[in-house]
């Protein structure tokens, strides 16, 4: 199959080539998929896209007109794809449902530890040979209450890790996992109670109509003073403006994020010579108790290998006339 791989980054090409083993003709381009760049897919049977690409209704229609039959995502999330349009136009879509829950959960923990123990500020001082310990006080995680919003594959790993630290664990999910309760003493509760009781809140839910801006000023008001919020899920799960207000009022003690509400066109690009015209991002970036990473929680060797292998598996299935187990459009047809 001839496949155009949009939004290609240098770090992933070798993994894709190795997994492909010359089975499919992969052409790599740096441009993201959008209604403007869809025309580049002329002559291709399939395209591969990343989470920052835009496969809206118009883009899907253009791909269909160009003869594209397959879209394989190199990500878990698929909120950037209009699945209903793809199903209606008989374009098959598949994702990578679980490339490495450990990678995301471990990154969330690293954000938490870095913020709590003031690692960046401590290192900055030491580089200046300033060994003062003033204003570097953190707290033990043992016996602290951590609320996990979303207890799926990634949230489950986060629960396991935080249980190892000796934390009290609260969970919120539309589907409860009793095994987590048995193994790690997790206690499910309402979202409001989780927010009011947690010292730390970590987000691990997908972005959909139910979770869009889930964390807003009403929930923030219910939180403990000085709460730490960690988000490695999707940026739009939180209302960024409300989060900033919470940071200013010190209701939120610290924020660690690997995602951002308006990251499209910003993350995955070097904008060091042209600062983005984004007041919210500039405000967040200026706050000493905010730690932002550029959507790279997934960036481990294991995750990149799994992403590449699953992407090629999806293409293999389609080229052989089979249905991949990761197909998303099949699900939407039955809804």
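Pair-distance distribution P(r) for the chain, from all Cα-Cα distances in 10 Å bins starting at 0: 5, 24, 31, 24, 13, 3, 0 percent. Working from label points 7 Å from Cα in the Cα-to-Cβ sense, the residue 250 to residue 120 distance is 2.1 nm. Here the peptides 298-311, 21-34, 268-281 are ranked by packing, the mean other Cβ count within 10 Å, and the order with the highest first is 298-311, 21-34, 268-281. Averaging 1/r over each pair of different alpha-carbon atoms in the stretch 131-282 and inverting the result gives 16.4 Å, the Kirkwood hydrodynamic radius.
For the pair residue 280 and residue 301, label points projected 7 Å from Cα toward Cβ lie 3.8 nm apart.
Computed from the C-beta positions of residue 130 and residue 271 and an R0 of 41 Å, the FRET efficiency is 0.85 to the nearest 0.05. Here the label points at residue 325 and residue 69, each 7 Å from Cα along the C-beta direction, are separated by 2.4 nm in the simple model.
As a check on your grasp of the helix formula, calculate [θ] at 222 nm for the chain: sum -39500 (n - 2.57) over DSSP H runs of n ≥ 4, divide by the residue count, round to the nearest 500. Walk me through the numbers before you get to the answer.
Details: 13 runs with 124 residues, N = 335.
Value at 222 nm, helices only: -10500 deg cm²/dmol.
As a length-normalised measure over Cα pairs under 8 Å and 6 or more apart, the relative contact order of the stretch 101-292 settles at 18 percent. Would you mind checking the stretch 267-304 for residues with the amide N under 18 Å from a putative spin-label position 7 Å along Cα→C-beta of residue 30? Output list for this probe position: 267-276.
On a full-extension model of 0.36 nm per residue, what is the gain between residue 17 and residue 98, subtracting their alpha-carbon distance, rounded to one decimal in nm?
Numbers: separation 81, 0.36 × 81 = 29.16 nm, distance 2.02 nm.
Roughly 27.1 nm would be gained on extension.
I'm a student and want to see the number: the projected area of the Cα convex hull of the stretch 211-325, averaged over all directions, in nm².
Over all viewing directions, the stretch 211-325 projects a mean Cα-hull area of 9.8 nm².
Quick note: the coordinates plus some simple rules give every number you see, no bench work behind them. It should be emphasised that the depicted structure is a prediction, and the values quoted were computed from it without experimental measurement. Cβ sites come from the backbone with ideal geometry, for glycine too, and all protein chains shown count toward neighbours.
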